[in-house]
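Trainee: One structure follows; several queries about it will come next.
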Amino acid sequence: MKTHNVGISTRKHLSRLVSMMLLVFGLTAGGLAALAPSAQAAVIPANHCAVGRNADGRMELFAIDIKSQLVHKWQTSANGGWSSWVGMGVYIPTNSDIAVSKNKDGRLQVFVLNIEGTMFTSWQTAVNGGWSGWKSYDGKWNRSSGVDAYQNKDGRMQVFVVGSDHKVWTKYQTTVNGGWSGWVSLGGNLAPGAPVSVGANQDGRLQIFAVGAGHTMVTAWQTTANGTWSGWASMGGTWADLTQIGVSNNQDGRLQVFARGTNSQMYTSWQTTKNGGFSAWASMGGTWASEQVVAVGRNADGRMEVFAVGTGGLVYQSWQTTVNGGFSAWQQMGLGWPLASSIAASNNKDGRQEIFMVGVNGNMYTNYQKTVNGAWSGWITMGGSFPNK
(Lines give C-alpha, C1' and ligand atoms only; values in the text may rest on other atoms or scores of the structure.)
Protein backbone atom coordinates (compact mmCIF):
# COMPACT_ATOMS: atom_id res chain seq x y z
CA MET A 1 0.00 0.00 0.00
CA LYS A 2 1.49 3.62 -1.36
CA THR A 3 0.73 4.02 -2.60
CA HIS A 4 2.57 4.71 -1.10
CA ASN A 5 2.52 7.91 -1.04
CA VAL A 6 7.65 17.22 -3.06
CA GLY A 7 6.29 18.53 -6.36
CA ILE A 8 4.39 21.37 -4.64
CA SER A 9 6.13 24.38 -3.12
CA THR A 10 6.47 24.57 0.66
CA ARG A 11 7.94 28.08 0.74
CA LYS A 12 4.87 29.58 2.40
CA HIS A 13 5.23 27.04 5.23
CA LEU A 14 9.00 27.18 5.58
CA SER A 15 9.48 29.73 8.34
CA ARG A 16 6.67 28.31 10.43
CA LEU A 17 7.90 24.74 9.94
CA VAL A 18 11.45 25.57 10.94
CA SER A 19 10.34 27.20 14.17
CA MET A 20 7.98 24.33 14.97
CA MET A 21 10.68 21.75 14.30
CA LEU A 22 13.12 23.59 16.55
CA LEU A 23 10.54 23.10 19.25
CA VAL A 24 9.61 19.51 18.44
CA PHE A 25 12.91 18.00 17.34
CA GLY A 26 15.53 20.31 18.82
CA LEU A 27 17.03 20.79 15.35
CA THR A 28 19.14 23.66 14.15
CA ALA A 29 17.35 23.59 11.16
CA GLY A 30 9.51 -3.15 -22.48
CA GLY A 31 6.60 -2.01 -24.24
CA LEU A 32 5.63 1.59 -23.52
CA ALA A 33 8.49 3.67 -24.89
CA ALA A 34 6.77 4.61 -28.14
CA LEU A 35 3.49 5.64 -26.57
CA ALA A 36 4.46 8.96 -25.04
CA PRO A 37 4.88 12.08 -27.21
CA SER A 38 6.79 13.79 -24.42
CA ALA A 39 7.74 13.15 -20.81
CA GLN A 40 5.60 14.98 -18.25
CA ALA A 41 6.58 15.14 -14.60
CA ALA A 42 3.87 14.12 -12.17
CA VAL A 43 3.07 16.29 -9.16
CA ILE A 44 3.16 14.41 -5.90
CA PRO A 45 0.11 15.07 -3.73
CA ALA A 46 0.26 17.61 -0.92
CA ASN A 47 -2.17 15.67 1.25
CA HIS A 48 -0.60 12.30 1.79
CA CYS A 49 -2.44 9.90 4.03
CA ALA A 50 -1.60 6.35 5.05
CA VAL A 51 -3.42 3.58 6.85
CA GLY A 52 -2.29 0.60 8.91
CA ARG A 53 -4.05 -2.20 10.72
CA ASN A 54 -3.65 -2.90 14.41
CA ALA A 55 -3.08 -6.45 15.62
CA ASP A 56 -6.76 -6.68 16.60
CA GLY A 57 -7.85 -5.72 13.08
CA ARG A 58 -8.78 -2.09 13.77
CA MET A 59 -7.57 0.30 11.07
CA GLU A 60 -5.56 3.41 12.00
CA LEU A 61 -5.33 6.39 9.64
CA PHE A 62 -2.49 8.94 9.48
CA ALA A 63 -2.44 12.30 7.67
CA ILE A 64 -0.81 15.75 7.75
CA ASP A 65 -3.22 18.58 8.58
CA ILE A 66 -3.14 22.20 7.39
CA LYS A 67 -1.00 23.13 10.41
CA SER A 68 1.65 20.64 9.23
CA GLN A 69 0.92 18.37 12.19
CA LEU A 70 0.86 14.61 11.76
CA VAL A 71 -2.50 13.44 13.11
CA HIS A 72 -4.17 10.06 13.39
CA LYS A 73 -7.49 8.47 14.16
CA TRP A 74 -8.45 4.84 14.66
CA GLN A 75 -11.41 2.53 14.67
CA THR A 76 -12.75 2.23 18.19
CA SER A 77 -13.86 -1.33 17.45
CA ALA A 78 -13.01 -3.78 14.68
CA ASN A 79 -15.12 -3.06 11.56
CA GLY A 80 -16.63 -0.12 13.43
CA GLY A 81 -16.63 3.65 13.91
CA TRP A 82 -13.73 6.03 14.35
CA SER A 83 -12.14 8.12 17.10
CA SER A 84 -11.55 11.86 16.82
CA TRP A 85 -8.37 13.18 15.20
CA VAL A 86 -5.41 13.29 17.61
CA GLY A 87 -2.04 14.99 17.08
CA MET A 88 1.11 12.87 17.23
CA GLY A 89 3.45 15.61 18.43
CA VAL A 90 5.41 16.13 15.24
CA TYR A 91 5.24 18.83 12.53
CA ILE A 92 6.37 18.03 9.00
CA PRO A 93 5.81 19.62 5.58
CA THR A 94 2.28 19.06 4.29
CA ASN A 95 3.67 17.39 1.16
CA SER A 96 5.77 14.86 3.05
CA ASP A 97 5.21 11.15 2.66
CA ILE A 98 4.02 8.82 5.42
CA ALA A 99 4.95 5.14 5.61
CA VAL A 100 3.31 2.68 8.00
CA SER A 101 4.49 -0.84 8.74
CA LYS A 102 4.10 -3.39 11.51
CA ASN A 103 6.43 -5.11 13.94
CA LYS A 104 6.20 -8.89 14.11
CA ASP A 105 4.29 -8.62 17.39
CA GLY A 106 1.67 -6.48 15.65
CA ARG A 107 2.73 -3.03 16.91
CA LEU A 108 2.42 -0.36 14.18
CA GLN A 109 5.35 1.92 13.34
CA VAL A 110 5.30 5.18 11.33
CA PHE A 111 8.14 6.73 9.30
CA VAL A 112 8.30 10.33 8.01
CA LEU A 113 10.87 12.76 6.60
CA ASN A 114 11.14 16.27 8.00
CA ILE A 115 11.85 19.44 6.02
CA GLU A 116 15.59 18.78 6.22
CA GLY A 117 15.20 15.26 4.84
CA THR A 118 15.90 13.52 8.15
CA MET A 119 13.86 10.40 8.89
CA PHE A 120 11.90 10.19 12.12
CA THR A 121 9.93 7.23 13.47
CA SER A 122 7.40 6.50 16.19
CA TRP A 123 5.99 3.12 17.25
CA GLN A 124 3.27 1.69 19.42
CA THR A 125 4.67 0.93 22.86
CA ALA A 126 2.14 -1.87 23.34
CA VAL A 127 0.15 -3.99 20.90
CA ASN A 128 -2.96 -1.98 19.84
CA GLY A 129 -1.80 0.75 22.20
CA GLY A 130 -0.30 4.23 22.51
CA TRP A 131 2.72 5.69 20.78
CA SER A 132 6.35 6.41 21.64
CA GLY A 133 8.09 9.72 21.20
CA TRP A 134 9.88 10.44 17.93
CA LYS A 135 13.34 9.01 17.20
CA SER A 136 15.72 10.29 14.53
CA TYR A 137 17.36 7.86 12.09
CA ASP A 138 19.81 10.53 10.97
CA GLY A 139 20.95 10.96 7.40
CA LYS A 140 19.79 13.52 4.85
CA TRP A 141 17.47 12.15 2.19
CA ASN A 142 15.68 13.37 -0.90
CA ARG A 143 12.37 14.31 0.72
CA SER A 144 10.58 14.53 -2.63
CA SER A 145 11.15 10.78 -3.08
CA GLY A 146 9.25 9.87 0.04
CA VAL A 147 9.70 6.74 2.10
CA ASP A 148 8.35 3.19 2.07
CA ALA A 149 8.52 0.34 4.58
CA TYR A 150 7.72 -3.36 4.52
CA GLN A 151 8.01 -6.45 6.70
CA ASN A 152 10.52 -9.15 5.84
CA LYS A 153 9.39 -12.79 5.79
CA ASP A 154 10.76 -13.28 9.32
CA GLY A 155 8.81 -10.24 10.58
CA ARG A 156 11.68 -7.73 10.72
CA MET A 157 10.73 -4.36 9.25
CA GLN A 158 12.80 -2.71 6.54
CA VAL A 159 12.55 0.93 5.42
CA PHE A 160 13.60 2.42 2.06
CA VAL A 161 14.43 5.98 1.02
CA VAL A 162 16.16 7.69 -1.92
CA GLY A 163 19.27 9.77 -1.36
CA SER A 164 20.46 12.93 -3.10
CA ASP A 165 22.87 10.60 -4.93
CA HIS A 166 19.77 9.06 -6.64
CA LYS A 167 20.53 5.71 -5.01
CA VAL A 168 18.14 3.70 -2.83
CA TRP A 169 19.15 3.36 0.79
CA THR A 170 17.72 0.99 3.36
CA LYS A 171 17.93 0.05 7.01
CA TYR A 172 16.34 -2.91 8.75
CA GLN A 173 15.62 -4.34 12.15
CA THR A 174 18.48 -6.55 13.27
CA THR A 175 16.10 -8.60 15.45
CA VAL A 176 12.34 -9.01 15.33
CA ASN A 177 10.61 -6.14 17.20
CA GLY A 178 14.09 -4.79 17.95
CA GLY A 179 16.80 -2.32 17.01
CA TRP A 180 17.93 -1.18 13.61
CA SER A 181 20.99 -1.47 11.37
CA GLY A 182 22.80 1.51 9.92
CA TRP A 183 21.94 2.78 6.45
CA VAL A 184 22.99 0.50 3.56
CA SER A 185 23.07 1.53 -0.12
CA LEU A 186 21.21 -0.63 -2.63
CA GLY A 187 22.70 1.34 -5.50
CA GLY A 188 20.71 2.24 -8.57
CA ASN A 189 20.48 5.45 -10.56
CA LEU A 190 16.94 6.73 -10.12
CA ALA A 191 15.30 9.65 -11.86
CA PRO A 192 15.40 12.90 -9.84
CA GLY A 193 12.70 12.73 -7.17
CA ALA A 194 11.57 9.22 -8.15
CA PRO A 195 9.55 7.50 -5.39
CA VAL A 196 10.30 3.89 -4.47
CA SER A 197 7.56 1.28 -3.92
CA VAL A 198 7.94 -2.07 -2.15
CA GLY A 199 6.12 -5.41 -2.39
CA ALA A 200 6.76 -9.03 -1.43
CA ASN A 201 7.08 -12.08 -3.65
CA GLN A 202 5.07 -15.22 -2.89
CA ASP A 203 8.16 -16.73 -1.24
CA GLY A 204 8.58 -13.68 1.01
CA ARG A 205 11.45 -11.96 -0.84
CA LEU A 206 10.98 -8.18 -0.93
CA GLN A 207 11.08 -6.38 -4.29
CA ILE A 208 11.35 -2.63 -4.96
CA PHE A 209 10.25 -0.60 -7.99
CA ALA A 210 11.10 2.93 -9.17
CA VAL A 211 11.69 5.01 -12.29
CA GLY A 212 15.32 5.07 -13.38
CA ALA A 213 17.34 7.99 -14.73
CA GLY A 214 16.55 6.86 -18.30
CA HIS A 215 12.77 7.09 -17.64
CA THR A 216 12.38 3.30 -17.68
CA MET A 217 10.99 1.43 -14.71
CA VAL A 218 13.62 -0.48 -12.74
CA THR A 219 13.42 -3.13 -10.05
CA ALA A 220 15.63 -4.93 -7.54
CA TRP A 221 14.81 -7.85 -5.25
CA GLN A 222 16.12 -9.90 -2.37
CA THR A 223 17.98 -12.93 -3.69
CA THR A 224 16.89 -14.94 -0.65
CA ALA A 225 14.10 -14.28 1.83
CA ASN A 226 15.32 -11.87 4.56
CA GLY A 227 18.62 -11.61 2.68
CA THR A 228 20.77 -9.58 0.35
CA TRP A 229 19.72 -7.77 -2.81
CA SER A 230 20.16 -8.18 -6.54
CA GLY A 231 21.37 -5.50 -8.90
CA TRP A 232 18.87 -3.34 -10.75
CA ALA A 233 16.99 -4.62 -13.82
CA SER A 234 14.91 -2.67 -16.33
CA MET A 235 11.19 -3.30 -16.75
CA GLY A 236 10.99 -1.01 -19.79
CA GLY A 237 8.38 1.56 -20.62
CA THR A 238 8.72 5.34 -20.60
CA TRP A 239 7.66 7.08 -17.42
CA ALA A 240 7.75 10.53 -15.86
CA ASP A 241 10.39 11.02 -13.17
CA LEU A 242 7.93 11.23 -10.28
CA THR A 243 5.63 8.40 -11.34
CA GLN A 244 3.95 6.71 -8.39
CA ILE A 245 3.88 2.91 -8.65
CA GLY A 246 1.17 0.76 -7.09
CA VAL A 247 2.27 -2.73 -6.02
CA SER A 248 0.11 -5.63 -4.85
CA ASN A 249 -0.21 -9.42 -5.05
CA ASN A 250 -2.61 -11.63 -6.89
CA GLN A 251 -4.32 -14.29 -4.81
CA ASP A 252 -1.72 -16.81 -5.99
CA GLY A 253 1.09 -14.55 -4.75
CA ARG A 254 2.27 -13.15 -8.11
CA LEU A 255 3.26 -9.49 -7.87
CA GLN A 256 1.54 -6.94 -10.09
CA VAL A 257 2.47 -3.27 -10.58
CA PHE A 258 0.40 -0.33 -11.80
CA ALA A 259 1.50 3.10 -13.05
CA ARG A 260 0.32 6.03 -15.17
CA GLY A 261 2.07 6.27 -18.52
CA THR A 262 3.17 9.54 -20.10
CA ASN A 263 0.19 9.27 -22.46
CA SER A 264 -2.07 9.51 -19.37
CA GLN A 265 -3.29 5.89 -19.57
CA MET A 266 -2.93 3.39 -16.73
CA TYR A 267 -0.59 0.45 -17.36
CA THR A 268 0.06 -2.78 -15.54
CA SER A 269 2.64 -5.57 -15.58
CA TRP A 270 2.49 -8.84 -13.65
CA GLN A 271 4.69 -11.78 -12.83
CA THR A 272 4.00 -14.54 -15.31
CA THR A 273 4.97 -17.15 -12.72
CA LYS A 274 5.20 -17.01 -8.93
CA ASN A 275 8.44 -15.30 -7.86
CA GLY A 276 9.41 -14.92 -11.54
CA GLY A 277 9.70 -12.44 -14.38
CA PHE A 278 7.17 -9.85 -15.49
CA SER A 279 4.88 -9.55 -18.49
CA ALA A 280 5.03 -6.78 -21.08
CA TRP A 281 3.15 -3.62 -20.12
CA ALA A 282 -0.58 -3.76 -20.83
CA SER A 283 -2.86 -0.70 -21.00
CA MET A 284 -5.81 -0.45 -18.61
CA GLY A 285 -7.03 2.65 -20.45
CA GLY A 286 -8.54 5.69 -18.82
CA THR A 287 -7.24 9.26 -18.76
CA TRP A 288 -5.54 10.09 -15.50
CA ALA A 289 -4.30 13.32 -13.99
CA SER A 290 -0.53 13.74 -13.93
CA GLU A 291 -0.92 14.34 -10.19
CA GLN A 292 -2.73 11.06 -9.66
CA VAL A 293 -1.57 8.46 -7.23
CA VAL A 294 -2.72 4.94 -7.91
CA ALA A 295 -3.89 2.89 -4.94
CA VAL A 296 -4.33 -0.87 -5.03
CA GLY A 297 -6.62 -2.75 -2.66
CA ARG A 298 -7.63 -6.39 -2.34
CA ASN A 299 -11.04 -7.89 -1.90
CA ALA A 300 -11.52 -10.60 0.72
CA ASP A 301 -11.60 -13.20 -2.07
CA GLY A 302 -8.15 -12.08 -3.27
CA ARG A 303 -9.24 -10.04 -6.31
CA MET A 304 -7.26 -6.80 -6.63
CA GLU A 305 -9.00 -3.45 -7.07
CA VAL A 306 -7.36 -0.29 -8.43
CA PHE A 307 -8.36 3.29 -7.54
CA ALA A 308 -7.22 6.50 -9.26
CA VAL A 309 -8.19 10.15 -9.85
CA GLY A 310 -9.11 11.11 -13.41
CA THR A 311 -8.28 14.38 -15.18
CA GLY A 312 -11.77 15.66 -14.32
CA GLY A 313 -11.19 15.16 -10.60
CA LEU A 314 -13.41 12.08 -10.37
CA VAL A 315 -12.37 8.85 -8.62
CA TYR A 316 -12.59 5.62 -10.58
CA GLN A 317 -12.18 1.97 -9.68
CA SER A 318 -11.37 -1.15 -11.69
CA TRP A 319 -11.36 -4.66 -10.23
CA GLN A 320 -10.34 -8.14 -11.24
CA THR A 321 -13.39 -9.91 -12.59
CA THR A 322 -11.95 -13.27 -11.55
CA VAL A 323 -9.29 -14.24 -9.03
CA ASN A 324 -5.82 -13.78 -10.62
CA GLY A 325 -7.55 -12.59 -13.81
CA GLY A 326 -8.29 -9.53 -15.93
CA PHE A 327 -9.83 -6.22 -14.88
CA SER A 328 -13.23 -4.61 -15.34
CA ALA A 329 -13.88 -1.36 -17.16
CA TRP A 330 -13.31 1.76 -15.05
CA GLN A 331 -16.30 2.75 -12.92
CA GLN A 332 -16.88 6.18 -11.39
CA MET A 333 -17.13 6.39 -7.59
CA GLY A 334 -18.80 9.81 -7.39
CA LEU A 335 -18.01 13.35 -6.17
CA GLY A 336 -15.17 15.56 -7.36
CA TRP A 337 -11.69 15.60 -5.85
CA PRO A 338 -8.53 17.71 -6.03
CA LEU A 339 -6.36 16.38 -8.85
CA ALA A 340 -3.51 16.04 -6.36
CA SER A 341 -5.48 13.84 -3.96
CA SER A 342 -3.76 10.72 -2.73
CA ILE A 343 -5.77 7.60 -1.95
CA ALA A 344 -5.13 5.23 0.93
CA ALA A 345 -6.68 1.75 0.84
CA SER A 346 -6.96 -0.97 3.47
CA ASN A 347 -9.30 -3.70 4.72
CA ASN A 348 -11.53 -4.00 7.72
CA LYS A 349 -11.04 -7.05 9.95
CA ASP A 350 -13.92 -8.78 8.14
CA GLY A 351 -12.22 -8.22 4.77
CA ARG A 352 -14.31 -5.30 3.49
CA GLN A 353 -12.21 -2.75 1.63
CA GLU A 354 -12.14 0.89 2.74
CA ILE A 355 -10.50 3.87 1.01
CA PHE A 356 -9.64 7.37 2.27
CA MET A 357 -9.20 10.73 0.50
CA VAL A 358 -9.13 14.47 1.22
CA GLY A 359 -11.95 16.41 -0.42
CA VAL A 360 -12.06 19.87 -1.99
CA ASN A 361 -13.31 21.26 1.34
CA GLY A 362 -10.26 19.91 3.19
CA ASN A 363 -12.18 17.20 5.07
CA MET A 364 -11.05 13.58 5.05
CA TYR A 365 -13.57 11.22 3.47
CA THR A 366 -14.01 7.48 3.51
CA ASN A 367 -15.87 4.99 1.30
CA TYR A 368 -16.22 1.32 2.28
CA GLN A 369 -17.70 -1.88 1.01
CA LYS A 370 -21.06 -2.55 2.63
CA THR A 371 -20.60 -6.30 2.26
CA VAL A 372 -17.53 -8.48 1.77
CA ASN A 373 -16.44 -8.29 -1.91
CA GLY A 374 -19.54 -6.17 -2.53
CA ALA A 375 -20.95 -2.72 -3.29
CA TRP A 376 -19.70 0.55 -1.77
CA SER A 377 -21.25 2.86 0.80
CA GLY A 378 -20.69 6.21 -0.87
CA TRP A 379 -18.49 8.98 0.57
CA ILE A 380 -18.73 9.87 4.27
CA THR A 381 -16.87 12.72 5.94
CA MET A 382 -14.32 11.97 8.67
CA GLY A 383 -13.78 15.66 9.47
CA GLY A 384 -10.39 17.20 10.02
CA SER A 385 -8.74 20.04 8.11
CA PHE A 386 -6.21 19.00 5.49
CA PRO A 387 -4.47 20.60 2.49
CA ASN A 388 -6.57 20.14 -0.63
CA LYS A 389 -4.26 21.56 -3.33
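Trainee: Which value does Rg/Rh take for the stretch 173-318 over its C-alpha atoms, Rh per Kirkwood?
Mentor: With Rg and the Kirkwood Rh in hand, the quotient comes to 0.98.
Trainee: Something else: Skipping prolines and chain starts, which residues have an amide H placed within reach, meaning under 5 Å, of the one on Val90, given they are 5 or more residues away or on another chain?
Mentor: Under 5 Å from the amide H of Val90 lie the amide H atoms of Leu70, each far enough along the sequence or on another chain.
Trainee: Further question on the same structure: Given bins 10 angstrom wide, list per bin the percent of all Cα-Cα distances in the stretch 194-270, short to long.
Mentor: Histogramming the stretch 194-270 at 10 Å steps yields 20, 52, 25, 3 percent.
Trainee: While we're here: Normalising by the residue count of the stretch 282-342, find the relative contact order in percent from Cα pairs under 8 Å and 6+ residues apart. Before the final figure, lay out the partial values.
Mentor: Numbers: 121 pairs, mean separation 19.5, N = 61.
Computed over the stretch 282-342, the figure is 32 percent.
Trainee: Suppose only helical runs count, i.e. DSSP H with n ≥ 4. What mean residue ellipticity at 222 nm does that imply for the chain under -39500 (n - 2.57) per run, divided by all residues and rounded to the nearest 500 deg cm²/dmol?
Mentor: Details: 1 runs with 15 residues, N = 389.
Mean residue ellipticity, 222 nm, calculated: -1500 deg cm²/dmol.
Trainee: Could you pull out the pairs from Lys140/Lys167; Lys73/Lys349; Lys104/Lys167; Lys104/Lys349 whose alpha carbons sit more than 22 Å apart here?
Mentor: On the way: Lys140/Lys167 13 Å; Lys73/Lys349 16 Å; Lys104/Lys167 28 Å; Lys104/Lys349 18 Å.
Cα-Cα > 22 Å for Lys104/Lys167; rest within.
Trainee: Counting other Cβ atoms within 10 Å, keep those with at most 16, restrict to DSSP loop, and tell me which trypsin sites (Lys or Arg not before Pro) in the stretch 48-77 are left.
Mentor: Details: sites: Arg53, Arg58, Lys67, Lys73; in loops: Arg58, Lys67.
In loop regions of the stretch 48-77 (DSSP not H, G, I, E or B), the sparsely surrounded trypsin sites (Lys or Arg not before Pro) are Lys67.
Trainee: OK, next. Cα gyration tensor of the stretch 258-367, axes a ≥ b ≥ c as square roots of the eigenvalues: rounded (a/c below 1.5), prolate (a/b > b/c) or oblate?
Mentor: It is oblate, given that a/c is not under 1.5 and a/b is not larger than b/c.
Trainee: Let me ask something additional. Tell me which of Thr366, Phe62, Ser264 sits at the most positive position along the dipole axis of the chain, charges placed on C-beta atoms (Lys, Arg +1; Asp, Glu -1).
Mentor: The residue sitting farthest along the positive end of the dipole is Phe62.
Trainee: What accessible area, in Å² to the nearest ten, does a 1.4 Å probe give for Met284?
Mentor: Ignoring ligands and nucleic acids, Met284 comes out at about 30 Å².
Trainee: Using the Cα centre of the chain as the reference point, and only Cβ charges (+1 on K/R, -1 on D/E), how large is the resulting charge dipole? Debye, rounded to the nearest 20. Please list the in-between numbers first.
Mentor: On the way: 28 positive and 18 negative charges, 68 e Å.
Rounded to the nearest 20 debye, it is 320 debye.
Trainee: Continuing with the same structure: Radius of gyration and Dmax for the chain's Cα atoms, expressed in Å?
Mentor: Calculated on Cα positions, Rg and Dmax stand at 19.1, 55 Å.
The values are calculated or read from the model by the stated rules, or taken from the named source; none is laboratory data. What you see is a predicted model, and the numbers here were worked out from it, not measured in a lab. As a convention, Cβ positions derive from the backbone with ideal geometry for all residues, glycine included, and neighbour counts pool all protein chains shown. The accessibility values were calculated without ligands, DNA or RNA, using every heavy atom of the protein model including side chains. Shrake-Rupley method; radii C 1.70, N 1.55, O 1.52, S 1.80 Å.
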